[in-house]
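Q: Below is the structure I would like to discuss, written out as structure tokens.
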Amino acid sequence: MKTVLVTPSHDAEALARLHASCFAESWSTEWIGRLLAQPGVFACLAEGNDGGFVLVRAAGGEAEILTLAVTPAARRRGIGSALIAAACGRAQEIGARAMFLEVGQTNEPAQALYKRLGFREVGRRRGYYNKPGRSNEEALVFCVELPLPRWET
Ligand SMILES: CC(C)(COP(=O)(O)OP(=O)(O)OC[C@H]1O[C@@H](n2cnc3c(N)ncnc32)[C@H](O)[C@@H]1OP(=O)(O)O)[C@@H](O)C(=O)NCCC(=O)NCCS
């Protein structure tokens, strides 16, 4: 599975649609466009534009996954893993030595994916998801040093 890198804001609408198919609290086109316009922010999109995407911010030798979404119909085909691998590769190219992310403590699919790729828990954030129904959910902070240790093409 190939991925393509995108940065211009005209992709924000497609990314917002993908995001809405994966999250109850979806991000608007405007919000995603604003993120894409920030320095160091880039997206990797699954080939075909309808499978999923990852949005990353890289700055000061570190990078952070802002969101990762694979549409329900496209899951368990390696797309999420390929997107993370592409994002880590790109982040390293532009100077990042480590990739961080936050994941909900009940989000077992995402945690399984990240751990399989070599990410490890390095901290916790209480009250990170300050939303109805999720107010008690902690965010786990995961990190991996780059290059990604467990990725074979
Ligand atoms: C988490 C998510 C991105 C995974 O995408 P994906 O394309 O299905 O992931 P992959 O196919 O690359 O899966 C790689 C491995 O992760 C683990 N994994 C993925 N989904 C899993 C699930 N539902 N249950 C258990 N393990 C899972 C498995 O080890 C899997 O390998 P396998 O299929 O050979 O068993 C996708 O489920 C998603 O978009 N979820 C909703 C949004 C979300 O939670 N984003 C992350 C926020 S931090």
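Q: What tally of residues in the stretch 93-122 results from selecting those that are within 12 Å of L146 (Cα to Cα) and either touching a residue at least 60 places away in the same chain (Cβ under 8 Å) or of a type outside the set (D, E) (or both)?
A: 10
Q: Out of the residues in the stretch 109-121 meeting the condition of being more than 6 Å from the ligand (Cβ to nearest atom) and assigned to a helix (DSSP H, G or I), tell me which one is nearest to A58 (Cα to Cα).
A: Looking at residues that are more than 6 Å from the ligand (Cβ to nearest atom) and assigned to a helix (DSSP H, G or I), I get Y114.
Q: Does the stretch 70-89 include one or more residues that are modelled with pLDDT of 95 or more, in a strand (DSSP E or B) and surrounded by 22 or more Cβ atoms within 10 Å (Cβ to Cβ)?
A: yes
Q: Test each condition in (1) in a strand (DSSP E or B); (2) under 16 Å from C22 (Cβ atoms); (3) modelled with pLDDT under 95 for F42 and report the one that comes out false.
A: (2)
Q: Here is a follow-up. Among residues belonging to the stretch 141-152 that are within 15 Å of the chain's Cα centre (by Cα) and more than 9 Å from the ligand (Cβ to nearest atom), point out the one that is modelled with the lowest pLDDT.
A: Per the stated criteria, the residue is L148.
Q: Quick check, is G133 among the small types (G, A, S), modelled with pLDDT under 95 and surrounded by fewer than 18 Cβ atoms within 10 Å (Cβ to Cβ)? Lay out the reasoning, then the answer.
A: Details: among the small types (G, A, S): yes; modelled with pLDDT under 95: yes; surrounded by fewer than 18 Cβ atoms within 10 Å (Cβ to Cβ): yes.
Yes.
Q: Let me ask something else about it. Take the residues in the stretch 60-69 that are assigned to a strand (DSSP E or B) and of a type outside the set (D, E, K, R); name whichever of them is farthest from the ligand (Cβ to nearest atom). Write out each step before concluding.
A: Restricting attention to the stretch 60-69, the residues satisfying the condition of being assigned to a strand (DSSP E or B) are 62-69.
From the residues that got through so far, the ones that are of a type outside the set (D, E, K, R) too are 63, 65-69.
On the way: A63: 15, I65: 7, L66: 10, T67: 7, L68: 4, A69: 5 Å.
By that ranking, first place goes to A63.
Q: Going residue by residue through the stretch 1-20, is there one that turns out to be touching an Asp or Glu at 6+ places or on another chain (Cβ under 6 Å), in a loop (DSSP other than H, G, I, E, B) and more than 13 Å from the ligand (Cβ to nearest atom)?
A: Yes - at least one qualifying residue is present in the stretch 1-20.
Q: Look at the stretch 45-54 and say how many of its residues are among the hydrophobic types (A, V, I, L, M, F, W, C) and either away from the ligand (no atom under 11 Å from the Cβ) or assigned to a helix (DSSP H, G or I) (or both).
A: From the stretch 45-54, those among the hydrophobic types (A, V, I, L, M, F, W, C) are 45-46, 53-54; that's our starting set.
Now narrow it down to the ones that are either away from the ligand (no atom under 11 Å from the Cβ) or assigned to a helix (DSSP H, G or I) (or both): 45.
Looking only at that region, the number is 1.
Q: Also, I was wondering about something else. Here are some residues: R57, R90. Which one is away from the ligand (no atom under 11 Å from the Cβ) and within 14 Å of L146 (Cα to Cα)?
A: R90
Q: Before we move on, is A98 more than 10 Å from the ligand (Cβ to nearest atom), closer than 28 Å to P39 by Cβ and in contact with a strand residue (DSSP E or B) (Cβ under 7 Å, 6 or more places away or on another chain)?
A: Judged against the criteria, A98 is a match.
Q: Select from the stretch 18-61 the residues that are free of Cβ contacts under 8 Å to residues at least 24 places away in the same chain and crowded, with 21+ Cβ neighbours inside 10 Å and list them in ascending order.
A: I32
The values are calculated or read from the model by the stated rules, or taken from the named source; none is laboratory data. Just so we're clear, the structure is a prediction, and the values are computed from it rather than from any experiment. No Cβ is skipped: glycine too gets one built from the backbone with ideal geometry, and neighbour counts run over all protein chains shown.
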